[in-house]
Amino acid sequence: MKHRMTHNDLLGRLPQERLSLLRELGKLADEEGVSLYLVGGVVRDLLLKRKDWDLDLAVEGDGIGFARLVADRYGAGLAVFERFATSRLVFQDGLKMDIATTRRESYAHPAVLPTVQPASIEEDLYRRDFTINAIAIQLNPRQFGRLLDPYGGQRDLRARTIRVLHAGSFQDDPTRLFRAIRFEQRFDFRVERTTLFLLTQAASTNLIQQLSGPRLQNEILLLFAEHDPVRAIARLAQLKLLRFLHRRLCYTKKVKRVVTAVPKALAWWACRFQDSVIDRPIVYLMALSSESSAIVVAAMIRRLALSREQAKNVSAGGSLVDRALKRLTNKGTVRRSQIFRLLADFSDEALVLLRAKQVSRQHEVRVSVLKRHLVADGKNGGTQAALW
């Protein structure tokens with residue numbers, strides 16, 4: 001990775017229609033007398049040669065006013081969040097774009113949402129979580145493609161390192177603990193020594209307990225939505241962060257075997273039901289809590305403020321699946337009609353967990369039964385799995 005790059009090296013990695021749009025927006029910014037930057041994860045991923053085509057823009061000036069102008073010009077849907085000086089646009093082709101005023105943040109107390117004030121692009125980058133996400137590309141025509149990297153983000157990308165920008169980062173926003181783990185595992189990076197000390201120190205406190213249920217849920221489900229979250233879950237356990245879901249939620253060897261079997265179960269399901277949409281993060285949450293008591297599971301559901309459908313799935317991930325598994329794996333003969341009655345009300349997610357538990361417990365005698373009799377049933381207008 002070169003230290004200096006032109007837009008031909010970097011922005012040229014975008015699809016042509018996205019590049020053309022950014023050029024047009026840069027010209028519009030000039031007309032409005034504001035400076036416009038591409039920021040955040042998309043810049044990081046361009047440097048890593050990874051695909052991330054949703055665009056985050058920052059405006060030195062009136063970001064919301066600029067967003068309204070863009071929405072009018074392109075017929076995009078617009079949602080405005082005045083408190084944080086940000087806007088979300090959805091274009092007609094499905095492109096999502098966030099446009100924000102460059103800003104500084106201050107926190108009245110740890111774990112609360114910040115108060116924001118307009119600031120320079122350098123201050124805006126400094127408020128971000130990690131150096132690898134604190135890089136910007138200017139889009140105004142005369143400076144189009146100019147890379148701003150005031151805090152060494154490219155250096156840390158080359159070194160495959162996760163580094164916070166200041167010592168109070170995790171105190172300000174404890175959700176960054178989960179994001180550090182997410183990026184560490186996604187990119188196979190390492191957490192820099194001082195950052196790891198600060199992370200471990202923050203994890204040992206009760207800061208995360210102060211997060212609202214929806215904020216904690218968002219970070220957990222994003223982590224579990226990663227391509228392979230098994231190592232991330234082990235990292236949560238290593239850092240003793242699972243206690244914030246419930247103090248009696250333990251990553252035992254038995255639970256680890258179930259979690260580790262989930263990728264095989266998901267692959268098995270995908271081969272047979274290619275059109276079925278599985279809530280993968282919820283399957284991992286079901287697996288993680290599958291050996292916990294109903295009381296622990298119910299408390300975890302409340303802590304994470306799960307939806308009714310999510311709660312139903314997670315609740316089914318324990319004793320209900322275990323009872324079905326015991327019936328399917330006993331040595332007696334099980335008729336097709338009995339299998340159907342046993343599993344007819346199971347969601348697709350519960351059936352995937354059932355398969356994961358079969359794999360984890362090596363009940364191969366009855367796996368063939370599940371393979372032979374699993375069929376798609378279009379009941380209720382969806383793809384609901386049933387056993388004959």
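Summing -39500 (n - 2.57) over the DSSP H runs of n ≥ 4 in the chain and dividing by its residue number, what mean residue ellipticity at 222 nm do you reach, to the nearest 500 deg cm²/dmol?
-14500 deg cm²/dmol
So between residue 92 and residue 48, what do we pick up on full extension, going 0.36 nm a residue minus the alpha carbon distance?
This chain segment gains 13.0 nm when fully extended.
When all protein chains stay in place, what accessible area (Å², nearest 10, 1.4 Å probe) is found for residue 27?
Spelled out: residue 27, probe radius 1.4 Å, area about 120 Å².
For the pair residue 274 and residue 326, how long in nm is the line joining their label points, each one 7 Å along Cα→Cβ?
3.9 nm
Using protein chains only and a probe of 1.4 angstrom, how many square angstrom of residue 162 are accessible, to the nearest 10?
Accessible surface of residue 162 is approximately 0 Å².
Which residues' amide hydrogens lie under 5 Å from the amide hydrogen of residue 103, considering only partners 5 or more residues apart or on another chain, with H built in the peptide plane?
119, 124
Which length gain, in nm to one decimal place, applies between residue 342 and residue 122 when the Cα-Cα distance is subtracted from 0.36 nm times their residue separation?
Residue separation times 0.36 nm, minus the Cα-Cα distance, leaves 73.2 nm.
Over the stretch 248-362, how many pairs of lysines fall under 17 Å by alpha carbon, counting only those 8 or more apart in sequence or from different chains?
So the count works out to 8.
Might you report the magnitude of the Cβ-based charge dipole of the chain about its Cα centre, with Lys and Arg at +1 and Asp and Glu at -1, to the nearest 20 debye?
Computed charge dipole of the chain: roughly 2580 debye.
Please list the non-local residues whose amide H lies under 5 Å from the amide H of residue 40, H modeled 1.01 Å from N, same-chain partners needing a gap of 5 or more.
Amide H to amide H, under 5 Å and 5 or more residues apart or across chains, residue 40 pairs with 135.
Please work out the Cα convex hull volume for the stretch 146-260 and give it in Å³ per residue.
Per residue, the Cα convex hull of the stretch 146-260 comes to 126 Å³.
Roughly to the nearest percent, how much of the accessible area of the stretch 69-183 is carbon and sulfur, given a 1.4 Å probe?
It is 49 percent, rounded to a whole number.
Whole-Hz ³J(HN,Hα) for each residue in the stretch 183-188, computed from phi via Karplus 6.51 cos²θ - 1.76 cosθ + 1.60 with θ = phi - 60°, x for glycine and proline: what do you get?
The phi angles translate into 6, 4, 7, 4, 9, 6 Hz.
Looking at the P(r) of the stretch 111-182, how many percent of alpha-carbon pairs lie beyond 17 Å?
Value for the stretch 111-182 (Cα pairs over 17 Å): 50 percent.
Quick one: among 107, 151, 74, which has the greatest mean-square fluctuation in a GNM of the chain with alpha-carbon springs under 10 angstrom?
Fluctuation is largest for 74.
Not counting ligands, DNA or RNA, and with a 1.4 Å probe, what is residue 109's accessible surface area in Å² rounded to the nearest 10?
So the heavy atoms of residue 109 present about 120 Å² to solvent.
At 1.4 Å probe size, put 250, 271 in order of accessible surface, largest to smallest.
271, 250
So if I average 1/r over every pair of distinct C-alpha atoms in the chain and take the inverse, what Kirkwood radius in Å does that give?
Across the chain, the inverse of the average 1/r is 23.2 Å.
Residue separation times 0.36 nm, minus the C-alpha to C-alpha distance between residue 222 and residue 160: what's the value?
Taking 0.36 nm per residue and subtracting the Cα distance, the gain is 20.2 nm.
At 25 °C and a viscosity of 0.890 mPa s, what translational diffusion coefficient does Stokes-Einstein give for the stretch 62-149, taking Rh as the Kirkwood radius over Cα pairs? Give it in µm²/s as a whole number.
Reported coefficient: 170 µm²/s.
Please compute the Cα-Cα pair-distance distribution of the stretch 179-321 with 10 Å bins starting at 0, giving whole percents from short to long.
Reading the bins upward from 0: 11, 41, 36, 10, 1.
The values are calculated or read from the model by the stated rules, or taken from the named source; none is laboratory data. Worth saying up front: this structure is predicted, and the values here are computed from it rather than measured. Here Cβ is always computed from backbone atoms with ideal geometry, including for glycine, and neighbour counts include all displayed protein chains. Just the protein is used for accessible areas: all its heavy atoms, side chains included, with ligands, DNA and RNA removed. Shrake-Rupley method; radii C 1.70, N 1.55, O 1.52, S 1.80 Å.
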